[in-house]
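Enquirer: Can you read through this structure? Questions will come right after.
The values are calculated or read from the model by the stated rules, or taken from the named source; none is laboratory data. Small disclaimer: the values here were computed from a predicted structure and weren't measured. Cβ atoms come from the backbone with ideal geometry, glycine included; neighbour counts cover every protein chain shown. Side chains are part of the model used for accessible areas, which takes the heavy atoms of the whole protein and leaves out ligands, DNA and RNA. Shrake-Rupley method; radii C 1.70, N 1.55, O 1.52, S 1.80 Å.
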Amino acid sequence: MHMQLLHNDRVIIFDRTDFGLSNLDLPNGKCRKNPRELVVKDDCTAHSVEYNVASNKFRPLFVETDVWCSSGSAAPDGSLVQTGGYNDGDRAVRIFNPCPTCDWQEIEGGLAARRWYATNHMLPDGKQIVIGGRKQFNYEFYPKKGATATNTYSLPFLVQTNDAGAENNLYPFVFLNVDGNLFIFANNRAILFNYNDNKVVKTYPTIPGGDPRSYPSSGSAVLLPLRNLQGPSVEAEVLICGGAPKGSYQQTLKGRFVGALNTCARIKITDLNPQWAMETMPGGRTMGDMVMLPNGNVLIINGAAGGTAGWDSGRNPVLNPFLYKTNGKVGSRFELQKPSGIPRVYHSTAILLRDGRVLVSGSNPHIFYNFTNVLFPTELRLEAFSPSYLEPGFNNLRPKIVVPQSQTKLKYAQKLKVQFQVTGKLAKDSVSVTMLAPPFTTHSFSMNQRLLVLEPNNLSDVGKLTYEVEVTTPPSAILAPPGFYLLFVLHQDIPSQGIWIQVM
């Protein structure tokens, strides 16, 4: 249900605690003896794991409170700060520090309000904002802005976008704009919001067609790559794809599964008069995940062609991912990808790994774990999707970063010399460098997913098939909130493996 890649190349994976017993025991005789638990009060099974990508091994983790439909973000120090959930977990804050023996630490009552189906985003000051949630038309900060700060702040936009009985304003799509304000999309509308002054700066046009795109309609969204970071003005674009037509959720309650939306809407949120531009996907998709790839293209994976999010509310799994070529010509930006053999419907996830693959996990549209005699069994298998840039035919074009070392600490506006190797002939005008913030992914939305393009200068040959390019890190925390990023070198759109950098 939830995944986050951390800077030690471990993926933290976790699920709700009230599905019942899992198939994985907690180590050393540990048990959750929780009188507030709704299903199993004495539970000796794990509902969270740490997955080691390199060794393909995992270790069970101990999570105490219910993380069902929660949210989170990686903090500037690299820890995972995870917030909210259900029942005894709705006001909890959980922190996971990356280390070989670390486990979850929980802060009961760490939130001011109950947060269930909320969205988090990292801010330039290193704090995270927690927005919305079921019956919560407000936001708060973690940690708090100050000892005397107000606990919660009203956000009327979430009231205005709340559909009675459908609540298509849950898990709103939130992105930090290049002016420091937040782009917030819920249902079929979006605003630009100054969270410091609690003011709406701009109201965007309603998305064409008026159909909802956020949960439970469950389209997905990305902030497209940020470029020209050293220039006088940086443009920002948002892409929203898929979802379910208005009223679809109510129709599923009657056993009717309406076809999912097959459109994407793209908008330049920094324009003075921004307008949505519509594009058509190869097919309809709800509950899909949009994964930003190192070269700036977007992989749309998982989901169904009918119904919506919700218990047993999806039909017709979409097995073929779509590749969206961000800089392609309008009308020819989509490319059908090779299919998976595993249906991934409600409660599936997908994240980019350092080696350029996409880790795909989950799928459980049932109130409990159900492995037999159901249309879509609870899915425990992980799989890796390999984009076409990993095909062996591109090995001679693929860069390998030599300098800097992984885990390098950098400052804002810092000159950085990157050395890399290419075994084939180098096309010098086709080299670029990108940095990507790995997101917290759940319910078809990747919170904090952000790709920045660092313009290369002074490309030179330093010998033995090794080259050096100079780039400048982003000039401010507004463009790149502090924390760990994956740095990639690209050659003819073929990315290297990433290295970890920490920008502070």
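Enquirer: Which residues, taken from the stretch 252-271, are in contact with a Gly (Cβ under 8 Å, 6 or more places away or on another chain) and either over 27 Å from Leu359 (Cβ atoms) or open to solvent by less than 30 Å² (accessible area, probe 1.4 Å) (or both)?
Expert: Result: Thr252, Phe257, Val258, Gly259, Ala260, Leu261, Thr263, Cys264.
Enquirer: Among the residues of the stretch 289-307, are any of a type in the set (Gly, Ala, Ser), modelled with pLDDT of 95 or more, farther than 18 Å from Ser218 by Cβ and open to solvent by less than 10 Å² (accessible area, probe 1.4 Å)?
Expert: Within the stretch 289-307 (the criterion being of a type in the set (Gly, Ala, Ser), modelled with pLDDT of 95 or more, farther than 18 Å from Ser218 by Cβ and open to solvent by less than 10 Å² (accessible area, probe 1.4 Å)), the answer is yes, since at least one residue qualifies.
Enquirer: Out of the residues in the stretch 417-429 that are surrounded by fewer than 19 Cβ atoms within 10 Å (Cβ to Cβ), in contact with a strand residue (DSSP E or B) (Cβ under 7 Å, 6 or more places away or on another chain) and modelled with pLDDT of 95 or more, state the one that is nearest to Asn457 (Cα to Cα).
Expert: Of everything passing the filter in the stretch 417-429, Lys417 is nearest to Asn457 (Cα to Cα).
Enquirer: Give Pro274, Pro321 a once-over and let me know the one that is under 25 Å from Gly498 (Cβ atoms), open to solvent by less than 50 Å² (accessible area, probe 1.4 Å), modelled with pLDDT of 95 or more and not small (Gly, Ala, Ser).
Expert: Pro321
Enquirer: Select from the stretch 359-388 the residues that are closer than 23 Å to Gln337 by Cβ and out of contact with any Asp or Glu (no Cβ under 7 Å at 6 or more places or on another chain) and list them in ascending order.
Expert: Leu359, Ser361, Phe376, Glu379, Arg381, Leu382, Glu383, Ala384, Phe385, Ser386, Pro387, Ser388
Enquirer: Continuing with this model, one more query. Could you please let me know if Asn169 is within 13 Å of Thr119 (Cα to Cα) and either open to solvent by 20 Å² or more (accessible area, probe 1.4 Å) or among the aromatic types (Phe, Trp, Tyr) (or both)?
Expert: no
Enquirer: For the stretch 116-135, which positions are open to solvent by less than 40 Å² (accessible area, probe 1.4 Å) and either among the charged types (D, E, K, R) or over 17 Å from Val67 (Cα atoms) (or both)?
Expert: Within the stretch 116-135, His121, Met122, Leu123, Pro124, Gly126, Gln128, Ile129 qualify.
Enquirer: Against the condition in contact with a Leu (Cβ under 9 Å, 6 or more places away or on another chain), part of a strand (DSSP E or B) and at pLDDT 95 or above, how does Tyr139 come out, does it pass?
Expert: Yes.
Enquirer: Give me the residue from the stretch 207-237 that is farther than 27 Å from Phe440 by Cα and modelled with pLDDT of 95 or more and, out of that set, surrounded by the fewest Cβ atoms within 10 Å (Cβ to Cβ).
Expert: Applying the filter and picking the extreme gives Gly210.
Enquirer: Sort out for me the strands (runs of 3 or more DSSP E) sitting completely within the stretch 1-80 that have 3 or more residues that are small (Gly, Ala, Ser) and surrounded by 15 or more Cβ atoms within 10 Å (Cβ to Cβ).
Expert: 71-74
Enquirer: Give the residues of the stretch 385-403 that are within 19 Å of Tyr324 (Cα to Cα) and surrounded by 15 or more Cβ atoms within 10 Å (Cβ to Cβ), sorted by residue number.
Expert: Listed by number, the residues that qualify are Phe385, Pro387, Tyr389, Leu390.
Enquirer: Now, a different point. Please determine, by comparing only the residues of the stretch 303-315 that are part of a loop (DSSP other than H, G, I, E, B) and in contact with a helix residue (DSSP H, G or I) (Cβ under 7 Å, 6 or more places away or on another chain), which one is farthest from Leu229 (Cα to Cα).
Expert: For the stretch 303-315, the residue satisfying everything is Ser313.
Each row is one residue, and each column tells you yes or no for (1) of a type in the set (A, V, I, L, M); (2) open to solvent by 10 Å² or more (accessible area, probe 1.4 Å).
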site: Ser348; (1), (2): no, no
site: Leu353; (1), (2): yes, no
site: Arg357; (1), (2): no, yes
site: Phe371; (1), (2): no, yes
site: Arg381; (1), (2): no, yes
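Enquirer: If you don't mind, another one. Could you tell me how many of the residues in the stretch 173-196 are touching a residue at least 40 places away in the same chain (Cβ under 8 Å), of a type outside the set (Val, Ile, Thr) and more than 13 Å from Thr161 (Cβ to Cβ)?
Expert: Within the stretch 173-196, residues that are touching a residue at least 40 places away in the same chain (Cβ under 8 Å), of a type outside the set (Val, Ile, Thr) and more than 13 Å from Thr161 (Cβ to Cβ) number 9.
Enquirer: Sticking with this one: If I go through the stretch 170-206 residue by residue, how many of them are in contact with a His (Cβ under 7 Å, 6 or more places away or on another chain) and either over 22 Å from Arg134 (Cβ atoms) or at pLDDT below 95 (or both)?
Expert: Result for the stretch 170-206: 1.
Enquirer: I would also like to ask the following. Please go through the stretch 81-104 and give me each residue that is touching a residue at least 40 places away in the same chain (Cβ under 8 Å), crowded, with 21+ Cβ neighbours inside 10 Å and not in a loop (DSSP other than H, G, I, E, B), ordered by number.
Expert: Those that are touching a residue at least 40 places away in the same chain (Cβ under 8 Å), crowded, with 21+ Cβ neighbours inside 10 Å and not in a loop (DSSP other than H, G, I, E, B): Val81, Gln82, Thr83, Gly89, Val93, Phe96.
Enquirer: Only residues in the stretch 259-278 that are under 15 Å from Ala190 (Cα atoms) count as the first member; pair them with residues that are open to solvent by 60 Å² or more (accessible area, probe 1.4 Å) and in a loop (DSSP other than H, G, I, E, B), Cβ under 7 angstrom, at least 6 apart or cross-chain, and list the lot.
Expert: Listed by first residue and then by second, the contacts come to Ile267/Gln275; Lys268/Glu235; Thr270/Glu235.
Enquirer: Then there is this: Within the set of pairs 6+ apart or on separate chains, which have a first residue in the stretch 294-321 that is closer than 13 Å to Ile342 by Cβ, a second that is assigned to a strand (DSSP E or B) and of a type in the set (Asp, Glu), and C-beta atoms under 9 Å apart?
Expert: Ile301/Asp289; Asn302/Asp289; Gly303/Asp289
Enquirer: Which pairs have Cβ atoms under 6 Å, sit 6 or more apart or on different chains, and link a residue in the stretch 456-481 that is farther than 21 Å from Lys127 by Cβ to one that is part of a strand (DSSP E or B) and of a type in the set (Asp, Glu)?
Expert: Hits for this filter: Asn457/Glu470; Asn458/Glu470; Ser460/Glu468; Val462/Glu468; Tyr467/Asp461.
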